[in-house]
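Accompanying notes for the structure given below.
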Amino acid sequence: MAEKKRLVKADAKIFGVCGGLAKYFDIDPVIVRGIFLFALVAYGSGLLLYLILAAVMPKEKPGT
């Protein structure tokens, strides 16, 4: 049976949000970080979204 995907913080540079999103969507974390950086510079909403996700996303359990 296929393992169920969970959105969790992973590969922490600051809070692990971008690493967790990248792992969930199976893409390179640099791409996710670039999207957040663009949203921060262009609209200012990137920081707010990042902080909200940092607060609500659970931490990755060791060994997963």
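Some points to look at:
- Flag for Leu40 being surrounded by 15 or more Cβ atoms within 10 Å (Cβ to Cβ), in contact with a helix residue (DSSP H, G or I) (Cβ under 7 Å, 6 or more places away or on another chain) and without any contact (Cβ under 8 Å) to a residue 12 or more places away in the chain: yes
- Scanning the stretch 16-34 for residues that are crowded, with 16+ Cβ neighbours inside 10 Å and free of Cβ contacts under 8 Å to residues at least 40 places away in the same chain yields Cys18, Gly19, Leu21, Ala22, Lys23, Pro29, Val32, Arg33.
- Yes/no for Ala54 being touching a residue at least 24 places away in the same chain (Cβ under 8 Å), surrounded by fewer than 16 Cβ atoms within 10 Å (Cβ to Cβ) and out of contact with any Ser or Thr (no Cβ under 9 Å at 6 or more places or on another chain): yes
- Looking only at residues of the stretch 9-35 that are at pLDDT below 90 and not basic (Lys, Arg), we find that the one that is nearest to Glu60 (Cα to Cα) is Ala10.
The values are calculated or read from the model by the stated rules, or taken from the named source; none is laboratory data. No experiment lies behind these values; they were computed from the predicted model shown. Note that each Cβ is placed from the backbone with ideal geometry, even for glycine, and that neighbours are counted across all protein chains shown.
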